[in-house]
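Here is the structure we will look at.
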Amino acid sequence: MTIEWSEHIEAVAKKLFGEPNPALSSTTQLRYGTHGSLSIELAGEHKGTWYDHEACNGGGTVDLLTRSCVKSPVQWMRDNGFANG
């Protein structure tokens, strides 16, 4: 089984955090929080990644799931319809 993790980052972020801050988000970047400190990159050089400007860390989809205390990212992806097998 192969999961293309980065292609799911938008849906994963919305599943974990709900809808982003509409005033700070764009078609290329989702922003979460009052000041948009959590950014999810949807396009460009950093597509499929995230960065938390308050905590000064970031990464890919697996890191986002781990940051959200998901113990088994692969199982979470399966359980939420992002992968089968």
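The values are calculated or read from the model by the stated rules, or taken from the named source; none is laboratory data. Owing to the predicted nature of the structure, the values given are computational and were not obtained by experimental measurement. Every residue, glycine as well, gets a Cβ built from its backbone with ideal geometry; the counts of neighbours run over all protein chains shown. Remember, those area values only see protein heavy atoms, side chains included, never the ligands or the DNA or RNA. Shrake-Rupley method; radii C 1.70, N 1.55, O 1.52, S 1.80 Å.
Of all residues in the stretch 38-69, exactly one satisfies the criterion of being of a type in the set (Gly, Ala, Ser), part of a strand (DSSP E or B) and over 17 Å from SER25 (Cβ atoms), namely GLY59.
Residue count for the stretch 7-28 satisfying the condition of being closer than 19 Å to THR66 by Cα and either in a loop (DSSP other than H, G, I, E, B) or open to solvent by less than 60 Å² (accessible area, probe 1.4 Å) (or both): 7.
Each row is one residue, and each column tells you yes or no for (1) at pLDDT below 95; (2) within 14 Å of MET77 (Cβ to Cβ); (3) not charged (D, E, K, R).
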site: MET1; (1), (2), (3): yes, yes, yes
site: SER6; (1), (2), (3): yes, yes, yes
site: PHE17; (1), (2), (3): no, no, yes
site: ALA23; (1), (2), (3): no, no, yes
site: THR28; (1), (2), (3): no, no, yes
site: TYR32; (1), (2), (3): no, no, yes
site: ASP52; (1), (2), (3): no, no, no
site: VAL62; (1), (2), (3): yes, yes, yes
site: LEU65; (1), (2), (3): no, yes, yes
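Condition check: at pLDDT 95 or above, open to solvent by less than 80 Å² (accessible area, probe 1.4 Å) and not aliphatic (A, V, I, L, M). Does SER37 satisfy that? For SER37, the condition - at pLDDT 95 or above, open to solvent by less than 80 Å² (accessible area, probe 1.4 Å) and not aliphatic (A, V, I, L, M) - is met. Look at the stretch 12-33: where a residue is free of Cβ contacts under 8 Å to residues at least 12 places away in the same chain and under 11 Å from TRP50 (Cβ atoms) and a partner is assigned to a loop (DSSP other than H, G, I, E, B) and small (Gly, Ala, Ser), sitting 6+ places away or on another chain with Cβ atoms under 9 Å, you get ARG31/ALA23; ARG31/SER25; ARG31/SER37. Check ALA83 against each of (1) at pLDDT 95 or above; (2) over 13 Å from the mean Cα position of the chain (by Cα) and name the one condition it does not meet. Among (1) at pLDDT 95 or above; (2) over 13 Å from the mean Cα position of the chain (by Cα), the lone unmet condition for ALA83 is (1).
Within the stretch 61-72, the set of residues being free of Cβ contacts under 8 Å to residues at least 40 places away in the same chain and either open to solvent by less than 60 Å² (accessible area, probe 1.4 Å) or in contact with a strand residue (DSSP E or B) (Cβ under 6 Å, 6 or more places away or on another chain) (or both) comprises VAL70, SER72.
Being outside any loop (DSSP other than H, G, I, E, B), surrounded by 16 or more Cβ atoms within 10 Å (Cβ to Cβ) and of a type in the set (Lys, Arg) holds for only one residue in ARG31, ARG78, and it is ARG31.
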